[in-house]
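Remarks on the structure that follows.
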Ligand SMILES: Nc1ncnc2c1ncn2[C@@H]1O[C@H](COP(=O)(O)OP(=O)(O)OP(=O)(O)O)[C@@H](O)[C@H]1O
Ligand SMILES: [Mg+2]
């Protein structure tokens, strides 16, 4: 008996057939992964299921426990036991944890909210997900991982029978991922069906009982755990064999372009606390310097601070091309030749209301202008070039970036900075949320930039990526660089050992 059957689902947007006759069935109490390239239709299928796209805006049939459903809205779907945790978190930042969990369902007596009861129940659900925060904490003061767990607590509190997680671990720390994995396995035992969307193959294989692959809006195959392996799933996703994952080419590093001396950064919220201490390193033209470390080690704070985008105080010396520079704003960083692609594409990356071509060329206006006047043809030419190279899936270059799939938004951020051809390109988790095929294209572009003399710093929590693409690796632990490894001597073990504070 299936908990869920989605049959012949077709969903169109202007100019895009996002789902084309998709069939998707999930058994009771199984963890079922949904895999596919960026723009394959995963999130759209789940939005159909969760009532966000109501009956009538798509064709096909949804059955829950064998019964046909016609959801008019999210509430209908919730009443049928479906909860979704979206790719982009959707909590109300200015409300407390408890208010968020019970939003619209506050326990009431004689018309007034029973706050004691609300917070008591909140405590219970927070405990269930292993999140140790006060129920009255405002959501904006939580980390992304903690917010994710609040979303899950919220889903659990609604007596969910089908839980949908759309790339839940993209921003979680290792220990948060572990909590989540355990939680999902507990839920499976309780008979909850779970639909898991992720580009991280190890997680998919660790968790799944079944795997369904979408490609270009079509359901390509459903495999049992036993018959699936990484290569097979990837081949079904991209429609071809992908023999090599990391197209590394040996670079020849040249002169030092960036030197950081005795650099210390203080926490923006707790000014007495250091997030980075006594950082010293050099970066050469034509090299890829990988920065490894656990999430929360202080890698992002360091590069944000170097880029003039971190609010905490910083002290130390930064030299570019041998000249001492003072970078205290993003503008001065860009002028000094720096570019930063962050993990948080909304804050430093994209203007979601503007279209693909505008976003792509935003940091390269001189390239597409003549005598200070922007040339539309140039704008189109350049943005088309990058959309093609990165295989960005978009209906047109005039499409609003906000309507692209998550991974394709990330590609536009990358295109913007790749096009700007900075002296120093800092990539913070550049391939997070990006499918395997597109990752490969990004690595190729990185190689080409490095050959053109750009220096790249790449922060990544995916060790295979750091090992696969770096010429040299620095490992950070608790805000300090604790080890430097040449490409040849680095491996998972010695990086992890250094990253976790081992000797
Ligand atoms: N609201 C929308 N308006 C127009 N087009 C849309 C909208 N939402 C999605 N699309 C398009 O539908 C297709 C499928 O997008 P979807 O978000 O489902 O992909 P996805 O598989 O979740 O990808 P990712 O791995 O990048 O998150 C894409 O081509 C996307 O641009
Ligand atoms: Mg998606």
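The values are calculated or read from the model by the stated rules, or taken from the named source; none is laboratory data. Because the structure is predicted, anything quoted here is derived from the model rather than measured. Positions of Cβ are backbone-derived with ideal geometry, glycine not excepted, and every protein chain shown enters the neighbour counts.
Computed values, structure above
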{"read-out": "Residue 473 in a strand (DSSP E or B), at pLDDT 95 or above and either within 19 Å of the chain's Cα centre (by Cα) or within 16 Å of ligand 1 (Cβ to nearest atom) (or both)", "value": "no"}
{"read-out": "Any hit, the range 342-349, residues being assigned to a helix (DSSP H, G or I), closer than 30 Å to residue 267 by Cα and at pLDDT 85 or above", "value": "no"}
{"read-out": "Of all residues making up the range 186-217, the number that are more than 20 Å from the chain's Cα centre (by Cα) and part of a helix (DSSP H, G or I)", "value": "4"}
{"read-out": "Flag if residue 74 is farther than 25 Å from residue 394 by Cα and within 16 Å of ligand 1 (Cβ to nearest atom)", "value": "yes"}
{"read-out": "Residues located in the range 218-248, provided they are in contact with a helix residue (DSSP H, G or I) (Cβ under 8 Å, 6 or more places away or on another chain) and either in a strand (DSSP E or B) or within 13 Å of ligand 1 (Cβ to nearest atom) (or both)", "value": "220, 221, 223, 237, 238"}
{"read-out": "Conditions (1) at pLDDT below 90; (2) farther than 23 Å from residue 183 by Cβ: number failed by residue 131", "value": "(2)"}
{"read-out": "Answer from 438, 455 - the residue that is touching a residue at least 12 places away in the same chain (Cβ under 8 Å), buried (at least 23 other Cβ atoms within 10 Å of the Cβ) and under 16 Å from the mean Cα position of the chain (by Cα)", "value": "438"}
{"read-out": "Filter result (in contact (Cβ under 8 Å) with a residue 40 or more places away in the chain and in contact with a helix residue (DSSP H, G or I) (Cβ under 7 Å, 6 or more places away or on another chain)) within the range 408-420", "value": "409, 410, 411, 412, 413, 414, 415, 416, 419"}
{"read-out": "Matching option when the condition is part of a strand (DSSP E or B), touching a helix residue (DSSP H, G or I) at 6+ places or on another chain (Cβ under 7 Å), farther than 13 Å from residue 349 by Cβ and away from ligand 1 (no atom under 15 Å from the Cβ), among 449, 425, 445", "value": "425"}
{"read-out": "Residue list for the range 15-36, filter: part of a strand (DSSP E or B), over 17 Å from residue 60 (Cβ atoms) and more than 16 Å from ligand 1 (Cβ to nearest atom)", "value": "27, 31"}
{"read-out": "Matching helices (runs of 4 or more DSSP H) fully within the range 37-140 where at least 2 residues are under 26 Å from the mean Cα position of the chain (by Cα), under 20 Å from residue 159 (Cα atoms) and in contact (Cβ under 8 Å) with a residue 40 or more places away in the chain", "value": "42-49, 97-101"}
{"read-out": "So residue 26, is it surrounded by 18 or more Cβ atoms within 10 Å (Cβ to Cβ), under 30 Å from residue 410 (Cα atoms), over 24 Å from the mean Cα position of the chain (by Cα) and more than 16 Å from ligand 2 (Cβ to nearest atom)", "value": "yes"}
{"read-out": "Condition broken by residue 412, with the remaining ones in (1) modelled with pLDDT of 90 or more; (2) more than 12 Å from ligand 1 (Cβ to nearest atom) satisfied", "value": "(2)"}
